[in-house]
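Report on the following structure.
The values are calculated or read from the model by the stated rules, or taken from the named source; none is laboratory data. Model, not experiment: these values are computed from the prediction. Positions of Cβ are generated from backbone atoms using ideal geometry, with glycine treated the same way; all protein chains shown enter the neighbour counts. Ligands, DNA and RNA are excluded from the accessible area calculation, which covers all protein heavy atoms including side chains. Shrake-Rupley method; radii C 1.70, N 1.55, O 1.52, S 1.80 Å.
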Amino acid sequence: MTRLAIIGAGLMGEDHASIVARDLPGASLQVVCDMDLARAKAVASTYGAADVSDSPESVIARADVDAVIVASPDFTHAPLSKACIAAGKPVLCEKPLSQSSEDCLGVLKAEQAAGRQFVMLGFMRRYDQAYIEMRAALANGTLGRALMMHNFHRNVETPAADFTGAMAITNSAPHEFDIVRHVLGSEFTSVTAMQPRRSDDRVAPVVMVLETRDGQLVTIEVNNNAAYGYDVRAELVGEAGSVAMNQVAYTRTDRKLASSTRYDADWRGRYHEAYVRQNRDFLRFVETGTFPAIASSSWDGYAAAVVAEAGAHALATGQRQTISMMERPAFYAGVKGEAA
Ligand code: ISE
């Protein structure tokens, strides 16, 4: 049995605890850690964890913890990932690895010095069936050469009162930055970002246009105040055809001359299956030491941070920004295969 610790008992920490307890045969929930012990105890009690703690460092060091899931606030992700590397513990780190590309480089340096990968990053959309089929359609020639990818990422409302347009780029859009890189197999070279004007003081959508090294164009709309539902869409356009994501809903209701399907309230419902697949791949990584074929690594965390920094600068300046990133170290070349 692989004994897991979860650091962070908030929204995502509780969701991971639920997955470990209900959907992860072969894993046990050993410790739930949070600075707020009461919150840690509530999650531990609900999902049957053996212990609780308010000290991330001591949890990582525990002999009865084989691997760690980091779901604490963003600014703790890089330091805690480095602590796991130092302790020789594999870690599934929620996105982002860091909003600072410099901090991400610190994790890459520590991991390369340790001589093996320890960090799997929580860009779970790589495990979503729609994106898996899109990537397969490109790989098997159905679409011809990729030309464009259009992306919409809509939340019901901003997750925090202090959320800004820049955070739409640094907090929400990294999902698109990562999944588009993964589907196209290319890197971004430039970004332009703009916002429409709302009639109220809510954060307006951000619309970005990005170019890739292979001459493709990518559009990303992030609207954190869409109001109607959690709605993520994508369409991959090739020279011979396109693949678009259907709205994901298990049922349709027909009533009183109308037909309707429901939206999820947030990402946890829409991507539950992807989180389960991702976490099962993490468990296999812990058990075998083989990094999963489609998972995001520290390198992917660095790449997302570089694009996010350029995007936030593009929004602030109103100018198209060139995206410069270091070449991928051979250490992270890996063998990219199919889904789990
Ligand atoms: C949130 O942090 C997530 O990671 C969700 O997957 C994303 O849809 C949401 O926009 C982010 O705020």
Problem - Search result, residues across segment 130-169 that are closer than 19 Å to ASP281 by Cβ, within 16 Å of the ligand (Cβ to nearest atom) and either among the small types (Gly, Ala, Ser) or assigned by TED's automatic domain parsing to the domain that holds PRO90 (or both) - result: ALA130
Practice task
Kindly indicate the residue of segment 303-321 that is β-branched (Val, Ile, Thr) and under 14 Å from ASP178 (Cα atoms) and also surrounded by the most Cβ atoms within 10 Å (Cβ to Cβ) among those meeting that condition.
Solution key: VAL307
Practice task
Might you let me know whether segment 176-197 holds any residue that is more than 16 Å from the ligand (Cβ to nearest atom), farther than 24 Å from GLU235 by Cβ and open to solvent by 10 Å² or more (accessible area, probe 1.4 Å)?
Solution key: yes
Exercise for the section: Only residues that are touching a residue at least 60 places away in the same chain (Cβ under 8 Å) and out of contact with any Ser or Thr (no Cβ under 9 Å at 6 or more places or on another chain): list them for segment 77-97, please. Expected result: PRO90, LEU92
Problem - Condition met for ARG277 (basic (Lys, Arg), in a strand (DSSP E or B) and open to solvent by 40 Å² or more (accessible area, probe 1.4 Å)) - result: no
Fill in the blank from the handout: Going through segment 88-104 in order, the residues found to be closer than 12 Å to GLU309 by Cβ, within 13 Å of the ligand (Cβ to nearest atom) and open to solvent by less than 30 Å² (accessible area, probe 1.4 Å) are PRO96
Exercise for the section: Could you tell me which of the residues VAL107, VAL20, VAL70 is within 16 Å of the ligand (Cβ to nearest atom) and either open to solvent by 10 Å² or more (accessible area, probe 1.4 Å) or touching a residue at least 40 places away in the same chain (Cβ under 8 Å) (or both)? Expected result: VAL70
Fill in the blank from the handout: With the first residue restricted to segment 263-292 and required to be closer than 14 Å to PRO25 by Cα, and the second required to be part of a helix (DSSP H, G or I) and open to solvent by 30 Å² or more (accessible area, probe 1.4 Å), Cβ contacts under 6 Å at 6 or more apart or on different chains are VAL276/ASP23
Practice task
Confirm whether VAL107 is under 28 Å from ALA168 (Cα atoms) and out of contact with any Pro (no Cβ under 6 Å at 6 or more places or on another chain).
Solution key: yes
Handout entry: Condition broken by LEU147, with the remaining ones in (1) under 22 Å from the mean Cα position of the chain (by Cα); (2) part of a strand (DSSP E or B); (3) of a type outside the set (Ser, Thr, Tyr) satisfied
Key = (1)
Completion exercise
Selection over segment 25-42 where residues are of a type in the set (A, V, I, L, M, F, W, C) and over 15 Å from VAL68 (Cβ atoms) yields a count of 4
Exercise for the section: Those residues that are under 22 Å from GLY301 (Cβ atoms), assigned to a helix (DSSP H, G or I) and open to solvent by less than 50 Å² (accessible area, probe 1.4 Å), I need them from segment 150-175; list them, please. Expected result: ALA166, ALA168, ILE169, THR170, ASN171, SER172, PRO174, HIS175
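Can you report the number of residues in segment 207-248 which are among the hydroxyl-bearing types (Ser, Thr, Tyr) and open to solvent by less than 40 Å² (accessible area, probe 1.4 Å)?
Number of matching residues: 2.
I want to confirm something. Restricting to segment 55-72 and keeping residues that are among the charged types (D, E, K, R) and more than 25 Å from the chain's Cα centre (by Cα), which single residue is nearest to PHE285 (Cα to Cα)?
Taking segment 55-72 and keeping what is among the charged types (D, E, K, R), we get 57, 62, 64, 66.
Then drop every residue that is not more than 25 Å from the chain's Cα centre (by Cα), which leaves 62, 64.
Working: ARG62: 20, ASP64: 18 Å.
Once the filter is applied, the top-ranked residue is ASP64.
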